[in-house]
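Input: one structure, supplied below.
Bear in mind these aren't lab numbers, they're just calculated from the coordinates by the rules spelled out. Note that the structure is a prediction, hence the values are computed from the model and not measured. Virtual Cβ from ideal backbone geometry, glycine too; neighbours counted across all protein chains shown.
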């Protein structure tokens, strides 16, 4: 239907007849000539029709925006060259124009920004914008580059089921009633975790899959019900085999896709160090701020909030100095306190030192002058700075001080340009869940502990370290993985420590426990979040910009109207019914 | 953990120390030496330990089959060379053996063939067999070759949602209750059809996706609840653009993956011709047999079954000659009749001409000798042949005679070696569904009719031809596609002809009807069945052999035990309950 793409015509075609297809991008009449910009995914071409062209002039004049049009004409040099676009030196003098699909008046034009709900409802109009085309193409390039990299290195792309079995983290499973098995359900996978481990036990050596995963939970701003991960697993490896390979991969694809050269060697940091210095297990290293532990300096003060935490082995007193932060008003400081409160802070102490060196601090009175000066000195507070102080349980203080660090980084433009990847290692094996009164797995229940001995693990569960690792980029956890348990007895012991009884384990994971008995190689892997990496590469905050048809945070597709009510007769065929609301109480 | 793959050691390594990892494939003691074959996905290596090695000899002797083992030793030339395997000229004299995972006695060994249910339950053992490894690798190569081909030609890989909206062919939809929307459901897509069309309206030019699709229906032997298709769509095209491109693609990937050279130009055949000559819209052209229409020759006989059909404009009388078929016994002929009956035949007439030329035929008596001889002559029946005759409604006769043709092809070894691809075109737009008393779409409701005029289509719906096409290979429909409707009014008219009222169309397809009004380019595409193509390439009848974790025909995963019952409390969270059985009546 076309001889050229609109966006690719140039001076080499002058004098030639071409046929172009595209959307009417703009249309204007000027000094008895119609100028139409015709757009395809490669760009725009200027079409011209003079008023002496009779019927053709009439057709051109009336072209509705976004109509689909086929134009045949001769390429010629433009009088008014447009240097901003690739096709700006030429135009097409139309000889024939066919309107293939006339557009009705649009709900909006993609030049406008009509708000995300409207964009999602008319996604087909939204996606036509050159900016969205560019973002989506970045994602395509990313996925293609990853596949080519992996295919060239013997990784085998293997599909795993989407209709599978409910798991113990079942609360987040999507359930699918089974027509052929009354009262039974499939579940959509939260990840192909068990299948990829089984593949290693099945004799495959290096596996990957760009896999769709599902998690039925309230959507945070950057979450989707379904998301895509690059899922990988390696047989016969230790953690450095996995890490070194995928670090090379990430470096290579950033170079290929967005021409970014990441560090030749990614920094490595233990979980403990990351929490201590940055109050986060995914620190954004572009922000130069660090937390400082000051328990030793405050433990003898008269401020009981500090002294209690400073003298508690599970407590923490940490300071965050913000250069130039003395400019914060009382109201802004309250906003910081409110932000910290969201992460569990009960209060937020601070010291402001104005440009003249005058101290403003509600906690100064609890210190002798000497010890207060020593404290400021240790934290490095200079004229014009502010320092925030947090005290309480170690993890809580780390969390809210880490959150303040990020907020300060943004507010004070302290985020350096560039890319800051790193590895986080030596995660705790378990976290104690206060509500449930039991251990939960920090990664997942299949992660190997650093110790080989089951007795050791049982005796030191609280402090046990796992063989898990995360790759972090600019404050985002872009990949997470581990060496897995490859021994049935160890796997059973970990289930037990997680409060999964032998019977429950057998019912839900019997096949895994069996497989671990029949020749399971040491294995490990990782999974990368494709949506987030694509968003980072495309330079957008929202993963919805790199997903063709995303759901809203309300879990709806505004274009198709999913989810939707289903006739009861159809539900009967799969043996379910909608629950009476009262029955839920 | 290893320096080499087991299956790749060779004479170039003689004298070197290597470390291998793998599964114990075989283990035997012979003249004071333990010979162990260690296997990985590349093949096997022979490990030897002599009895003078003390503890190492003991370890080697006791290695349990399928245990995971790491061996370090020196490569040396073998005394007894094994020419059948790549590593057969060398062996490894072990210096260190570490058992990484000791295997318990196995439920079966992959050398055996324990029946498919056992294979599926212990899929991780089944997949270890070199044959299954080869089949799965063929699939990986196929998918990789397709992606590389498409990426190199500017096709854009775009993911479409798996949690989407229920469709009108809803009876086959898998339903997923929505936690955040009480009483509402997502549906899993039967294909990304509407999304890919919307992508064309969204300005993407060439799309592809290796897409998981779902169909909740009773499983035939070669169907799965979830299956994989290569889904493609092109903007600004007619049917030959699509067909020529994908024909090149299929030819290239058969060459790349299995070194098969398909025809330089695939034959093309209309649906009408395929039904007439082969009684099938996916004829296996490797079988030289053809149906022959004989209505003219029988319409004046005294056999009313023939004359009624021969004189009915919607009737058909067809013959199938099987060379050498006179060898069929009375019982075997009954089996042919039973086979035909499965496809709707009420009876099956035949003429047998034995090697001496003696006629055996229940229908001879209805013919004059002259007209009978003329009939046999026209059908080409020679001594030693049989000819079957079918009479009745055109489609029914075509169906069961086509089924007989396939059976005869197999029974008489009439299937030629090689590969027989072809295009089927000019499908009917609609089929009349007797049960529902309405038209149904032969492809799907978005397929464009060959006529542009809505009035024409309405006036001639019964005989209307669509712009659909199928690619057939060796009797399998491996791809199906069409040019789509790109005009809102035509789409509404087709919905109406299919008995989808304006309100229903608006509710289910409002977004499509809208999108068609805002600049929809002419577009078309195709989808290929990856599972089937992989099975054909791997030389296996069953698509389950090229799916890592398939479901049984009973829709179960025997390894994980999916589907499974779900606690009522968990169902309550997604607002459904299992239906009381009585409530279904």
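Against the longest alpha carbon principal axis of chain A, how many degrees, from 0 to 90 and to the nearest 10, is the axis of helix A:330-342 turned?
80 degrees
Going 7 Å from Cα along the Cα-Cβ axis for the label, what nanometre distances separate residue A:374 from the same residue across the other copies?
12.4
Shifting gears a bit: Helix-only mean residue ellipticity at 222 nm, chain A, DSSP H runs n ≥ 4 weighted -39,500 (n - 2.57), per residue, nearest 500. What is it?
Counting only the DSSP helices, I get -9000 deg cm²/dmol.
Follow-up question, since we're still on this one. According to a simple spin-label model (label point 7 Å from Cα along Cα-to-Cβ), what is the distance in nm between residue B:52 and residue A:440?
6.2 nm
Over all distinct alpha-carbon pairs, what is the Kirkwood Rh of segment A:169-279 in angstrom? Mind showing how you got there, number by number?
Numbers: mean 1/r = 0.0571 Å⁻¹.
Over segment A:169-279, the inverse of the mean reciprocal pair distance is 17.5 Å.
Could you work out the pair-distance distribution P(r) of chain B from its alpha-carbon pairs, with 10 angstrom bin width and percents rounded to whole numbers?
Using 10 Å bins, I get a P(r) of 3, 13, 19, 20, 19, 14, 9, 4, 1, 0 for chain B.
For segment A:436-585, state the semi-axes of the equivalent ellipsoid (square roots of 5 times the eigenvalues of the alpha-carbon gyration tensor), sorted largest first and rounded to whole angstrom.
Details: eigenvalues 264, 148, 47 Å².
For segment A:436-585, the ellipsoid semi-axes come out as 36, 27, 15 Å.
Shortest first and in nm with one decimal, please list how far the residue A:407 label point sits from its counterparts in the other copies (point 7 Å along Cα→Cβ).
Between copies, matching label points for residue A:407 lie 7.9 nm apart.
Could you check the simple spin-label distance between residue B:172 and residue A:572, using points 7 Å along Cα→Cβ, in nm with one decimal?
So the label points at residue B:172 and residue A:572 sit 2.3 nm apart.
OK, next. Measuring from label point to label point, each 7 Å out along Cα→Cβ, what is the residue B:79 to residue A:412 span in nm?
Calculated label separation equals 7.9 nm.
Something else: At residue A:93, with labels set 7 Å past Cα in the Cβ direction, how many nm apart are the copies from this one, shortest first?
Label point to label point, same position, other copies: 8.8 nm.
What are the semi-axes of the equivalent ellipsoid for segment B:517-585, taken as the square roots of 5 times the Cα gyration tensor eigenvalues, largest first, in whole Å? Intermediate values should be presented prior to the final figure.
Numbers: eigenvalues 250, 147, 29 Å².
Largest first, segment B:517-585 gives 35, 27, 12 Å.
Taking the Cα atoms of segment A:99-170, report the difference between the largest and smallest coordinate on each principal axis, in whole Å and largest first.
Its Cα atoms span 50, 37, 25 Å along the three principal axes.
Can you pull the percent of Cα pairs in segment B:487-534 with separation above 16 Å?
Details: 577 of 1128 pairs.
The share of Cα pairs beyond 16 Å in segment B:487-534 comes to 51 percent.
Place a point 7 Å from Cα of residue A:241 in the direction of its Cβ. Which residues in segment A:177-198 have their backbone N less than 16 Å from it?
It comes to A:197-198, nothing else.
Using only the Cα atoms of segment B:325-479, construct the convex hull and provide its projected area averaged over every direction, in square nanometres to one decimal. Don't skip to the answer; put the middle values down first.
Working: hull surface 49.7 nm².
Mean orientational projected area (segment B:325-479, Cα hull): 12.4 nm².
Sticking with this one: Cα axis of helix B:488-497 to longest principal axis of chain B: angle in degrees, 0 to 90, nearest 10?
80 degrees
Please arrange B:432, A:149, B:236 by how many other C-beta atoms lie within 10 Å of their C-beta, fewest to most. Walk me through the numbers before you get to the answer.
Details: B:432 12, A:149 17, B:236 22.
Least crowded to most crowded, the residues run B:432, A:149, B:236.
Still on this structure, please answer the following. Under the classification rounded if a/c is under 1.5, otherwise prolate if a/b is larger than b/c and oblate if not, where does segment B:101-249 fall, given a ≥ b ≥ c as square roots of the Cα gyration tensor eigenvalues?
Working: a/c = 2.59, a/b = 1.41, b/c = 1.84.
Oblate is the answer for segment B:101-249, as a/c is 1.5 or above yet b/c matches or exceeds a/b.
While we're looking at this one, here's another question. Label the protein assembly as shown by shape, choosing from rounded, prolate and oblate, from the square roots a ≥ b ≥ c of the eigenvalues of the Cα gyration tensor; if a/c is under 1.5 it is rounded, and otherwise prolate applies when a/b is larger than b/c, oblate when it is not.
Values: a/c = 2.02, a/b = 1.33, b/c = 1.52.
Judged from the Cα gyration tensor, the protein assembly as shown comes out oblate (a/c at least 1.5, b/c at or above a/b).
Hey, what D do you get for segment B:287-415 in µm²/s if you plug the Kirkwood alpha-carbon radius into Stokes-Einstein at 37 °C and 0.692 mPa s? Mind dumping the intermediate values first?
Values: Rh = 14.4 Å.
Approximately 229 µm²/s, per Stokes-Einstein.
Compute the acute angle (0 to 90°) between the alpha-carbon long axis of helix A:502-515 and the principal axis of greatest extent of the alpha-carbon atoms of chain A; round to the nearest 10°.
Value to nearest ten degrees: 60.
On the Cα set of segment B:278-318, report Rg and Dmax in Å, please.
In order Rg, Dmax, the Cα atoms of segment B:278-318 give 12.5, 36 Å.
Could you tell me the largest-minus-smallest coordinate of the C-alpha atoms of segment B:6-101 on each of the three principal axes, in descending order and whole angstroms?
30, 27, 22
Another one. Apply the a/c threshold of 1.5 to the C-alpha gyration tensor of segment B:221-353 and tell me whether it is rounded, prolate or oblate.
On the way: a/c = 2.37, a/b = 1.90, b/c = 1.25.
In terms of gyration-tensor shape, prolate.
May I pose another question? Report the Cα-based extents of segment B:237-277 along its three principal axes, largest first, to the nearest Å.
Principal-axis extents of the Cα atoms in segment B:237-277, largest first: 34, 28, 13 Å.
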